Amino acid sequence: MAKAIKHVGILDNGSKVIVPFRTIPGDSQSALVIESAKLSQTYHDEIFNVVDSPAGQEAVELANVLGIRKFSDGTTMLEVLHSTGKLRKVPTSSITMTPMSDRATWIKLDELNLKIAEQRGVTVEDLAVQPGTDAEKNEPEAKKAIAKNYRSRADALYKEVVDLRRRAEELDPSTKVEKKTTSKATA
């Protein structure tokens, strides 16, 4: 049986959506969603890679991760989605989610938000991402994971550079000698 993926739902009209914000400040009965069919194939694939990632699945609100991840073109995901009008406000009662691995357990987002609020001992209004809440507390961990990935990629590239230099010098050692001679001549 397929596992459920957090932050993904279906609108009443059948459109598949990604839910970066389960509620919004001042309007706990609305969520911000991204309709996956309205994304370019590249953005769709890159966003779903984030959704499926450990950071995406562990995030309380997907927006926390999208706010620091970048598309392959170097732009920040959440900023681009906002500036291009891809974030759409919809009633939480019009989104069906699958929070359990049991695919028979479909639940409306408004009901899911109520259950989460009850478990945390807060109101549904308190679930909205606010400055100084989980969004900012989780950001350093996400940034550390991204930095670790960059370092790993940089190390691999450095090793490749060293290997390529070695091969080039094996093929044409005169270049290495010329550089040393030129340096001494100019000194």
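The values are calculated or read from the model by the stated rules, or taken from the named source; none is laboratory data. All figures in this text were calculated on a predicted structure; none of them were measured in a lab. Counting neighbours? That spans all protein chains shown, and the Cβs are built from the backbone with ideal geometry, glycine included.
Taking each residue of segment 84-98 that is on the phi > 0 side of the Ramachandran plot and surrounded by fewer than 15 Cβ atoms within 10 Å (Cβ to Cβ) and looking for partners that are part of a helix (DSSP H, G or I) and of a type in the set (S, T, N, Q) with beta-carbon atoms closer than 9 Å, six or more apart or interchain, yields nothing. Across segment 1-45, which residue is nearest to the chain's Cα centre (by Cα) among those that are among the basic types (Lys, Arg) and part of a loop (DSSP other than H, G, I, E, B)? So, considering only residues that are among the basic types (Lys, Arg) and part of a loop (DSSP other than H, G, I, E, B), the one nearest to the chain's Cα centre (by Cα) is LYS6. Checked against the criterion of being within 19 Å of LEU112 (Cα to Cα), in contact with a Phe, Trp or Tyr (Cβ under 6 Å, 6 or more places away or on another chain) and hydrophobic (A, V, I, L, M, F, W, C), segment 8-23 contains not a single residue that satisfies it. GLY132 meets each of the listed conditions (1) farther than 17 Å from VAL19 by Cβ; (2) at pLDDT below 80; (3) surrounded by 13 or more Cβ atoms within 10 Å (Cβ to Cβ) apart from (3). At pLDDT below 95, at negative phi and touching a helix residue (DSSP H, G or I) at 6+ places or on another chain (Cβ under 7 Å), is that true of GLU79? Against the criterion (at pLDDT below 95, at negative phi and touching a helix residue (DSSP H, G or I) at 6+ places or on another chain (Cβ under 7 Å)), GLU79 does not qualify. Taking the criterion of being in contact (Cβ under 8 Å) with a residue 24 or more places away in the chain and either assigned to a helix (DSSP H, G or I) or out of contact with any helix residue (DSSP H, G or I) (no Cβ under 8 Å at 6 or more places or on another chain) (or both), the residues of segment 117-129 that qualify are VAL124, GLU125, LEU127, ALA128.
Counting the residues of segment 60-81 that are among the hydrophobic types (A, V, I, L, M, F, W, C) and over 8 Å from the mean Cα position of the chain (by Cα) gives 5. In this structure, does ILE34 turn out to be surrounded by 13 or more Cβ atoms within 10 Å (Cβ to Cβ), closer than 22 Å to LEU127 by Cα and in contact (Cβ under 8 Å) with a residue 24 or more places away in the chain? Answer is yes for this residue. Screening THR76 on (1) free of Cβ contacts under 8 Å to residues at least 40 places away in the same chain; (2) surrounded by fewer than 14 Cβ atoms within 10 Å (Cβ to Cβ) shows it passes everything except condition (2).
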